[in-house]
Amino acid sequence: MGTATAFSPPAVSTTTKWLGFVAAVWIQCISGNNYTFSNYSDALKSLMHLTQVQLNNLSVAKDIGKAFGLLAGLASDRFPTWAILLIGSVEGLIGYGVQWLVVSQKIQPLPYWQMCVFLCMGGNSTTWMNTAVLVTCIRNFRTNRGPVSGILKGFVGLSTAIFTTLCSALFADDPAYFLVMLSLVPLVVCLTGIFFLRELPPTVAAAGNAEEVKYFGVFNVVAVLVALFLLVYGFVPSPGVLVSRVFVAVLLVMLASPLGIPVYTYFKGRLGAGNDVEGQRANEPLLGGGEKENESVAAVEEEALVEKRAPMVGEEHTITEVLKSVDFWILFVSFLCGVGTGLAVMNNMGQIGLALGYPDVSLFVSLTSIFGFFGRIISGTVSEFTIKRAATPRPLWNAASQLLMAVGYILMAMAVPGSLYIGSILVGICYGVRLAITVPTASELFGLKYYGLIYNILILNLPLGSFLFSGLLAGILYDMEATTTEGGGNTCVGGHCYRLVFIVMTGACIVGFFLDILLSFRTKTVYTKISISKKPKKSLSASSSR
């Protein structure tokens, strides 16, 4: 009995790690509400009698909330994960709750500046959730950062479709009910995740690399099935009440199914502890040696930090050193070109759809979300595979996504029949690739020690890109083409409404493409080293003995 107790902690730690990852996936499923503005933006525009510039500036205020994500980044290095999640969920309850009061007309529309404040709070709430999840999970799965980023960012991409489709199934796309979901569901899920998501010691985080790949494969399969399920439902013509409720029930079961992994690891660990005590005892010196090795490596890294030379790319950086790095600013500006233009499409999808003759844009919002998921989850896994096999720099995948995104903007500028369908898919895929690739890239180039803050500095591109491409570019050019309506608003119908916007954003994507190519060349050595470190030790020793 005493022996079983002595060897149960490793099994429990592994189970805790995977249970935390399941909780992280659930949190990501509800933390993409910042991309759902198009689902209720038209209701705000009509209730508050806004011009397109004013409406777009509301969306900018929402994205400016991400600029205050720097607070979440600073807090992530000082406070436990549960505190970060609690702050984000309560802030979201307030931000989206007030918007619900306005859209449901339970209160009179607030002054414009006050609405900006509450949209900013709603946008900022997601930075706390995302920071808690990404920082904790990337530290817990250090050797598989690509799949972790792809899966977690993939479910963020699906969250828009999940919210949109659930609202459509349960409440017939009522924007007031939609805002109720945005305020309450994240609170409930985060309060649940508080009990399971936590950062584990490095020795636990580094263990079980071979099994991790298999388990991530299971998460990928579940995610793909959820995405396909959402996609199929989106094309069902006028589903009845029964069909809608069955859909909701099946969706919830699918999202709960990953719990099978921590349950499996728990019982597997318990059986292993009881049946292979001698094997575990034999491994104890190796584990102890690994801890000593990690400590010695950490000591070397600490000594390197105090040396006079600046850290090379691929080594641990302080925030000051990151901000002085040319590579960081190349990554920052290329990220702006991708996510900034993508946000302009997402924030303006309601008006883009109306201009092209689609009064209901929920399908396009879902398409962008679902294919954004495919972009995230595929690029995370594939980029990890190509690093191991061919030392391919991750930024090269960003470069490819920029070209494909430019094609999507050109198609939407042409405004031919079906172009909005294809454009929504391409923009979703490429936006997803940018997010999933940039997250692990930043950790690989500048280290994990200050990763929470580095991530949130990069995320400043979301409010900056929203302001430049959505608030200024799209808003001003749309109003130039629009006609004034009774009550003080305006509207525009036709392919010309956003043509120039799409042309300018195509140019921005081309700039981003060349920056990503440049960064790929500059980081080739780093990814060669990463590729070597990921090779099995046996193969390395065999090759060295020849």
message = Can you show me the helix-derived [θ] at 222 nm for the chain, built from DSSP H runs with n ≥ 4 at -39,500 (n - 2.57) apiece and divided by the number of residues, rounded to the nearest 500.
response = -25000 deg cm²/dmol
key: For the chain, with +1 on Lys and Arg beta carbons and -1 on Asp and Glu, the positive-most of VAL416, VAL427, LEU519 along the dipole   = LEU519
inquiry  = Charges on Cβ only, +1 for Lys and Arg, -1 for Asp and Glu, centred on the Cα centroid of the chain; of ALA161, ALA223, GLY314, which one is farthest towards the dipole's positive end?
reply    = GLY314
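Checking a compactness column here: for region 10-271, what do you get for Rg(Cα) / (2.2 N^0.38 Å), N being the number of residues? Show your work: numbers first, answer last.
Working: Rg = 19.2 Å, N = 262, 2.2 N^0.38 = 18.3 Å.
My calculation over the Cα atoms of region 10-271 gives 1.05.
Counting Lys and Arg as +1 and Asp and Glu as -1, what is the net charge of the other residues whose Cβ lies under 15 Å from the Cβ of PRO463?
With Lys, Arg at +1 and Asp, Glu at -1, the neighbours total +1.
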message = Taking 41 Å as R0, compute the FRET efficiency from the Cβ-Cβ separation of LYS268 and THR318 and round it to 0.05.
response = 0.50
note = Mean separation of Cα contacts under 8 Å (at least 6 apart) over the residue count of the chain, i.e. the relative contact order in percent, is 25
inquiry  = Quick one: 3J(HN,Hα) in Hz for region 24-32, Karplus 6.51/-1.76/1.60 with θ = phi - 60°, rounded, Gly and Pro as x.
reply    = 4, 4, 4, 5, 5, 5, 10, 9, x
ask   = Along the three principal axes, how long is the chain when you take its alpha carbons, biggest first, rounded to the nearest angstrom?
value = 80, 52, 39
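With N denoting the number of residues in region 420-471, provide Rg(C-alpha) divided by 2.2 N^0.38 Å, to two decimal places.
1.37
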query = Alpha carbon centre of region 139-166 versus region 390-404: separation in Å?
reply = 19
key: Length gained when the stretch VAL248-ARG522 is fully extended (0.36 nm per residue, less Cα-Cα span)   = 93.9 nm
ask   = Straight-line reach from LYS535: which lysines have Cα under 18 Å away, leaving out those fewer than 8 places along the same chain?
value = LYS214, LYS388, LYS524
query = Can you give the extra length, in nm with one decimal, that the chain gains between SER257 and TRP329 once fully stretched, where that is 0.36 nm per residue apart less the Cα-Cα distance?
reply = 21.9 nm
query = Longest exposed-loop-site-free stretch of the chain, with chymotrypsin sites (Phe, Trp or Tyr not before Pro), DSSP loop and at most 16 other Cβ within 10 Å?
reply = 236-546
For ASN490, distant residues with modelled amide H under 5 Å away = GLN52, THR485
ask   = If the chain between GLN108 and LEU500 were fully stretched, how many nm would it gain, using 0.36 nm times the residue separation less the Cα-Cα distance?
value = 137.5 nm
inquiry  = Could you work out the pair-distance distribution P(r) of region 307-370 from its alpha-carbon pairs, with 5 angstrom bin width and percents rounded to whole numbers?
reply    = 4, 14, 17, 13, 10, 9, 8, 9, 8, 6, 2, 1, 0
inquiry  = Using the Cα centre of region 10-271 as the reference point, and only Cβ charges (+1 on K/R, -1 on D/E), how large is the resulting charge dipole? Debye, rounded to the nearest 20.
reply    = 520
ask   = From the phi of every residue in region 336-343, what ³J(HN,Hα) in whole Hz does the Karplus formula 6.51 cos²θ - 1.76 cosθ + 1.60 yield, where θ is phi - 60° and glycine or proline is x?
value = 4, 4, x, 6, x, 6, x, 5
ask   = So how far apart, in nm, are the two label points at ILE532 and VAL493 if each is 7 Å from Cα heading toward Cβ?
value = 6.5
query = Which GluC sites (Glu not before Pro) from region 432-532 combine a DSSP loop assignment with at most 15 other Cβ atoms within 10 Å?
reply = GLU486
query = In units of 2.2 N^0.38 Å, what is the alpha-carbon radius of gyration of region 32-102?
reply = 1.31
Rel. contact order, % - alpha carbon contacts under 8 angstrom, at least six apart, region 10-271 = 34
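None of the figures in this text is laboratory data; all of them are computed from the coordinates on show. Please read all numbers here as calculations on a predicted model, not as lab measurements. Note: ideal-geometry Cβ built from the backbone for every residue, glycine included; neighbour counts use all protein chains shown.
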